[in-house]
Ligand code: URA
């Protein structure tokens with residue numbers, strides 16, 4: 001259970017994000033989309049940038065890709081309120097153009113601070129920008145659904161739900177990758193417990 005100070009810190013951070021004017025995207029947005037979900041989430045999903053629906057509502061993944069993401073979460077028994085959902089870019093680029101490198105850089109600090117506060121056990125990347133952040137120079141076709149552990153966090157690349165929505169073959173891949181998440185988490189827990197057990201043993 002997190003302390004109320006911790007929770008207040010995440011709420012305050014989202015407020016700071018909502019007030020951000022650190023790049024040109026502030027001129028074009030309707031609403032900032034800081035992210036939402038459980039502050040105690042084990043799982044953090046990181047998408048690319050808000051689209052039209054998200055920009056209107058100020059909430060991540062609320063359009064068709066979001067509905068598909070909710071179905072994928074339901075397939076592993078989770079509701080969106082039980083995970084945390086955020087984006088690399090917090091404001092919609094006009095006409096959904098690719099964000100400029102300077103815009104990605106200006107936004108970097110917000111996700112870094114969210115991760116510090118949520119401290120998820122697993123970070124799932126959805127799409128190009130979050131893939132580039134954690135798996136630079138790698139191709140999603142080769143590494144999707146393959147976990148990598150660094151420190152105490154598991155990084156897990158998946159196709160973007162929008163890409164998989166209307167493409168049968170990708171859809172089956174993203175569904176299968178989502179179904180692996182509970183077992184990846186459980187296995188990492190077993191390994192951590194075994195490691196803690198062996199440390200304890202060595203104490204005696
Ligand atoms: N696509 C994203 O990457 N993020 C959203 O919030 C919505 C669609």
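Just so you know, all these numbers are worked out from the coordinates, no wet-lab data involved. Computed from a prediction, not measured in an experiment: that's the story for all the values here. Note that we place each Cβ from the backbone using ideal geometry, even for glycine, and neighbour counts take in every protein chain shown.
Below is a table of values for the structure above.
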item: Cut-off 17 Å (backbone N to label point 7 Å along Cα→Cβ of residue 18), residues of segment 76-109; result: 85-87, 90-92
item: Between helix 168-203 and the chain: long-axis angle, C-alpha atoms, 0 to 90°, nearest 10; result: 40 degrees
item: Net length gained if the chain between residue 8 and residue 100 were fully extended (0.36 nm per residue, minus Cα distance); result: 29.9 nm
item: Label-to-label distance, nm, for residues given as residue 71 and residue 191 (7 Å Cα→Cβ offset); result: 3.2 nm
item: Net lengthening on full extension, residue 146/residue 180 (0.36 nm per residue, minus Cα-Cα); result: 11.3 nm
item: Chain lengthening between residue 26 and residue 108 when straightened (0.36 nm per residue, less Cα-Cα); result: 28.0 nm
item: Segment 1-160 shape via C-alpha gyration tensor axes, a/c threshold 1.5; result: rounded
item: Alpha carbon centroid spacing (whole Å) that separates segment 177-191 from segment 129-152; result: 16 Å
item: Scaled radius of gyration (Cα, divided by 2.2 N^0.38 Å) that segment 110-204 gives; result: 1.28
item: For the chain, share of DSSP beta bridges that run antiparallel, in % to the nearest 5; result: 30 percent
item: Degrees, to the nearest 10: 101-118 long Cα axis against longest axis of the chain; result: 40 degrees
item: Inter-probe distance in nm under a simple model that places probes 7 Å from Cα toward Cβ, at residue 138 and residue 115; result: 1.3 nm
item: 0 to 90° range, to nearest 10: angle between helix 4-18 axis and the chain longest Cα axis; result: 30 degrees
